């Protein structure tokens, strides 16, 4: 099987044309014509993931976040990005990612998050296909909703604006960095909006509206299992491996 055939399986689910203009999904490194002998799926392409691929005999890596976002002018093996590129090239590893194109499908990154929270009548939050908005099966007091989100997502903690004084029923969310959709969530009548990477000033919210920062990694990590499921259904001549690499953010 060629690397291009592997990519086709992912792109049938999340077409590359859906990615944002600034994004760099697709093949970051290596030839689409490479004969694939093993695949490992992870969230970010890290030095540890390259080592893991080599140790487990996988010559193709599939991730959510692209390895390269901007132009690379110099490659030094003792830098973070340089070490990844150098190791991957030396070991003939193909690196492929599906980022915002996997965000902008209804059962993609945000859709999976909405399903885990049990949202009903879910649809896209914005017309471009980013984010999801839906309703909880039953309204919950804000404090109960916060505990519910922590339990469902397996969180030790989260950041929240002041909990609203009325029950939470309509919920908007966006996997990953979601501050750009705060106003859209309010316009759509959401009681609460979940995403990652909010700044301090975002937490000064309007009355009867609250935001919850559940973490970037925490809100998107489930897409790894989705990729594995898609590939496993179509590829039977070798196992699809799941990376052991974890959240780069540590909580104390």
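Structural remarks
- Members of the range 183-209 that are touching a strand residue (DSSP E or B) at 6+ places or on another chain (Cβ under 6 Å) and crowded, with 18+ Cβ neighbours inside 10 Å: 185, 190, 191, 192, 193, 194, 195, 196, 198
- Some residue of the range 154-169 being more than 16 Å from the chain's Cα centre (by Cα), within 21 Å of residue 125 (Cα to Cα) and either at pLDDT below 95 or loosely packed, with under 14 Cβ neighbours inside 10 Å (or both): no
- Every residue from the range 106-143 that is assigned to a loop (DSSP other than H, G, I, E, B), touching a strand residue (DSSP E or B) at 6+ places or on another chain (Cβ under 8 Å) and surrounded by fewer than 18 Cβ atoms within 10 Å (Cβ to Cβ): 106, 118, 141
- Pairs with Cβ under 9 Å, 6+ apart, first in the range 75-92 and outside the structural domain of residue 63 (by TED's automatic domain parsing), second loosely packed, with under 13 Cβ neighbours inside 10 Å and not in a loop (DSSP other than H, G, I, E, B): none
The values are calculated or read from the model by the stated rules, or taken from the named source; none is laboratory data. Predicted model only: the values in this text are computed from it and were never measured. Ideal geometry is used to build each Cβ from the backbone, glycine not excepted, and the neighbour counts take in all protein chains shown.
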